[in-house]
Amino acid sequence: MTTATLPHGAALPQARTTVVHKLLSTTPDTATTILRLVLGLIILPHGLQKTLGLFGGYGFAGTMGFFTQQLHIPALFALLAILAETAGALGLITGLLTRVAALGVFSVMATAAFVVHRGNGFFMNWNGTQAGEGYEYHLLAMGIALVLMLKGGGRYSVDGALSSKK
């Protein structure tokens, strides 16, 4: 197996460098940059509600309790959801591990749409006449996340800077 040399002189097997390169690779595309920033900036406040209790949120302990006790989500998956909305949003904003962050957001949105919002129908509760929010927002976020998983972080991403140094 051939090896590549890391900046600090350690050898990394070629198979691993190929996976890392594919994970970080992106083109200097402005459209994906816009999608990455918009999704990250929209998801981050939701993450901050769950981690720090900002924007009317319940904070980490309250959110974990709600997810595990009310929604019966296993603690590991509840933790991953909180991390996806906080660290994942920061990853999207900076363009660091964009594909991983987008996968996390996609997973959270798919779960929320199916577990929580499916019974409320498609549309958001614009008029306050239904029991809760529909899942249209979640589908939109999932679509953006899917593009980012396929295309990467685009222009001005940490991923792009790291992959171009290889």
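The values are calculated or read from the model by the stated rules, or taken from the named source; none is laboratory data. Computed from a predicted structure; not experimentally measured. Quick reminder, even Gly has a Cβ in these numbers, built from the backbone with ideal geometry, and neighbours come from all protein chains shown.
Considering segment 151-166 alone, what residues qualify as being outside any loop (DSSP other than H, G, I, E, B) and either at pLDDT 90 or above or not hydroxyl-bearing (Ser, Thr, Tyr) (or both)? Don't jump to the end; show me each part of the working.
Here is the first cut: in segment 151-166, the residues outside any loop (DSSP other than H, G, I, E, B) are 151, 158-164.
The answer is 151, 158, 159, 160, 161, 162.
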> Just checking, how many residues over segment 52-80 are part of a helix (DSSP H, G or I), of a type outside the set (A, V, I, L, M, F, W, C) and surrounded by fewer than 17 Cβ atoms within 10 Å (Cβ to Cβ)?
Replying inline: 7
> Within segment 17-33, is there a residue that is modelled with pLDDT of 95 or more and not β-branched (Val, Ile, Thr)?
Replying inline: yes
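Looking at segment 100-122, can you tell me whether even one residue there is over 21 Å from residue 80 (Cβ atoms), out of contact with any Ser or Thr (no Cβ under 7 Å at 6 or more places or on another chain) and outside any helix (DSSP H, G or I)? Full working, then the answer.
Here is the first cut: in segment 100-122, the ones over 21 Å from residue 80 (Cβ atoms) are 119-122.
If we keep only those that are out of contact with any Ser or Thr (no Cβ under 7 Å at 6 or more places or on another chain) too, we end up with 119-122.
In the following step, the residues that additionally are outside any helix (DSSP H, G or I) were identified as 121-122.
Scanning segment 100-122, I find at least one residue that is over 21 Å from residue 80 (Cβ atoms), out of contact with any Ser or Thr (no Cβ under 7 Å at 6 or more places or on another chain) and outside any helix (DSSP H, G or I), so the answer is yes.
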>> Checking the structure you have, find out if any residue of segment 42-50 is under 21 Å from residue 153 (Cβ atoms), touching a Lys or Arg at 6+ places or on another chain (Cβ under 6 Å) and modelled with pLDDT of 95 or more.
In response: no
> Taking segment 39-51 only, how many residues are surrounded by 14 or more Cβ atoms within 10 Å (Cβ to Cβ) and either under 15 Å from residue 144 (Cβ atoms) or free of Cβ contacts under 8 Å to residues at least 12 places away in the same chain (or both)?
Replying inline: 7
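From the list 139, 148, which residue is in a helix (DSSP H, G or I) and surrounded by fewer than 23 Cβ atoms within 10 Å (Cβ to Cβ)?
Working: 148 fails: surrounded by fewer than 23 Cβ atoms within 10 Å (Cβ to Cβ).
Criteria check complete, one pass: 139.
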> Looking at segment 147-160, which of the residues that are closer than 15 Å to residue 91 by Cα and hydrophobic (A, V, I, L, M, F, W, C) is farthest from the chain's Cα centre (by Cα)?
Replying inline: 158
